[in-house]
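Read the structure below first, then the notes.
Throughout, read-outs are computed from the coordinates displayed, never taken from laboratory work. Keep in mind that what you see is a predicted model, and the values were worked out from it rather than measured. Please note: Cβ atoms are built from the backbone with ideal geometry, for glycine as well, and neighbour counts cover all protein chains shown.
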Amino acid sequence: MGDADVARLLRAREIDIAVDLKGHTEGSRPGILARRPCPVQVNWLGYPGTIGAPWLDYIIADAVVLPFSDQNHYSEKIVHLPHCYQANDSQRRIAATVPGRAESGLPDKGFVFCCFNAAWKITPTVFDVWMQLLKVVPDSVLWLLEDNATMTANLRAAATACGLNGQRLVFAPRAAPALHLARHMLADLFLDTLPYGAHTTASDALWAGLPLLTCLGTQFDGRVAASLLRTIGLPELVMASLEDYQACALALARAPEHLATLRARLATNRLSSLLYDVEQFTRAIESAYLRMIETSHKRGQKQSFAVPP
């Protein structure tokens with residue numbers, strides 16, 4: 001259907017709230033909501049930033065990823081859920097059989113730093129930090145997601161230019177979700193990227209029981225992992241600077257007993273944390289939607305607000 005047809009359909013069905021899950025991403029359809037078919041129109045989840053358009057009234061976030069102090073940078077009014085804004089649940093299957101290190105292209109021994117973020121999130125600055133870690137942690141490797149052949153060749157060449165053997169970068173091919181989650185268990189520490197950090201890949205790692213280290217970014221797309229970590233009860237893995245991030249990664253690589261303690265806490269928290277409590281999340285987001293539509297019915301002024309716990 002064309003944009004105008006979809007807008008007419010929404011009006012005909014008297015839909016109260018439309019949620020844009022795409023924003024400025026591939027396959028987006030801004031022409032639908034630009035026609036204002038619904039009294040309340042919301043930006044959530046798909047695009048971690050403002051759409052910058054007058055036809056979206058609210059953006060759903062949380063206090064970590066998008067503080068109210070950033071309101072002047074957003075055309076939408078900011079709505080805080082009481083915990084992480086990202087939807088997760090406790091039903092995702094993890095394959096029972098974990099592939100071996102050799103099967104996954106990893107060395108039998110040595111520390112495995114891991115980052116399964118998309119290749120375009122890897123900046124020279126962060127890559128240099130990773131290379132410094134490989135230099136000082138003997139027999140360590142960096143395990144990355146294999147996006148494409150060009151990425152593999154270029155990153156290995158960049159590692160060689162840093163004075164390292166390019167084979168210390170290991171690339172994981174795409175895999176079915178349950179198997180992908182299971183293979184996280186072969187890694188020791190997930191290293192986040194900056195300025196655009198892990199989102200789904202962060203919740204994947206935490207659900208699979210892999211500790212994740214992040215650096216708090218200055219905007220929404222660089223603060224999602226921090227929100228996830230704080231919700232799951234591991235705020236000490238959120239660093240304030242890349243220097244702290246590098247120092248913490250090195251300290252954890254050199255202190256297996258401390259890393260084991262973090263992994264044990266994560267294993268306990270993942271089953272009790274609000275991060276994977278879909279019923280609590282549902283109640284919170286429905287509360288937000290109800291307030292939005294009540295404001296609309298009363299023809300009130302749209303305002304930023306926080307959903308109470």
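Please give the length that would be gained between R265 and Q91 if that part of the chain were fully extended, namely 0.36 nm times their separation in residues minus their C-alpha to C-alpha distance (nm, one decimal). Working shown, then result.
Working: separation 174, 0.36 × 174 = 62.64 nm, distance 1.98 nm.
Additional length available on full extension: 60.7 nm.
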A178 neighbourhood, Cβ < 15 Å, K/R = +1, D/E = -1, net charge +2
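Apply the a/c threshold of 1.5 to the C-alpha gyration tensor of segment 168-270 and tell me whether it is rounded, prolate or oblate.
In terms of gyration-tensor shape, rounded.
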Extension length gain for A12 and N72 (0.36 nm per residue less Cα distance), in nm, is 18.1 nm
Note the full-extension length gain between A153 and T282 as 0.36 nm times their separation in residues minus their Cα-Cα distance, in nm to one decimal.
-> 42.1 nm
Dipole magnitude of segment 220-264 about its Cα centre (Cβ charges: Lys, Arg +1; Asp, Glu -1), debye to nearest 20 | 140
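Ignoring everything except DSSP H segments at least 4 long, calculate the 222 nm mean residue ellipticity for the chain; use -39,500 (n - 2.57) per segment, divide by total residues, nearest 500. Can you show the working numbers first?
On the way: 10 runs with 112 residues, N = 309.
So the helix-based figure for the chain works out to -11000 deg cm²/dmol.
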Going toward the positive end of the dipole of the chain, with +1 on Lys and Arg Cβ and -1 on Asp and Glu Cβ, which of P308, H180, V42 do you reach last?
-> V42
Would you work out which of A264, N72, G100 lies farthest towards the positive end of the dipole of the chain, given +1 charges on the beta-carbon of Lys and Arg and -1 on that of Asp and Glu, about the Cα centre?
-> N72
Sites matching GluC sites (Glu not before Pro) across segment 1-110 that sit in DSSP coil, with at most 11 neighbouring C-beta atoms within 10 Å = E14, E26, E103
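Give, rounded to the nearest 20 debye, the magnitude of the charge dipole that the chain has about its Cα centre when Lys and Arg contribute +1 at Cβ and Asp and Glu contribute -1 at Cβ.
Working: 29 positive and 29 negative charges, 79 e Å.
It works out to roughly 380 debye.
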Quick one: Cα centre-to-centre distance for segment 155-211 and segment 71-123, in angstrom?
-> 9
Reach of K135 by Cα under 17 Å, taken over lysines that are not fewer than 8 positions away in the same chain = K109
Mind running the shape call on the chain? Use the C-alpha gyration tensor, a ≥ b ≥ c as the square roots of the eigenvalues: rounded below 1.5 for a/c, prolate if a/b tops b/c, oblate otherwise.
-> prolate
Row for segment 241-305, column shape: gyration tensor on C-alpha, a ≥ b ≥ c, rounded if a/c < 1.5 i.e. under 1.5, prolate if a/b over b/c, else oblate; value oblate
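Just flag the trypsin sites (Lys or Arg not before Pro) in segment 83-127 sitting in loop per DSSP whose Cβ has no more than 12 other Cβ atoms within 10 Å.
Numbers: sites: R92, R93, R101, K109, K121; in loops: R92, R93, R101, K109.
Answer in residue order: R93, K109.
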With +1 at each Lys and Arg Cβ and -1 at each Asp and Glu Cβ, the charge dipole magnitude of segment 112-275 around its Cα centre, to the nearest 20 debye, comes out at 240
Taking Cα atoms, the helix 124-136 axis meets the longest principal axis of the chain at an angle in degrees (rounded to 10) of 30
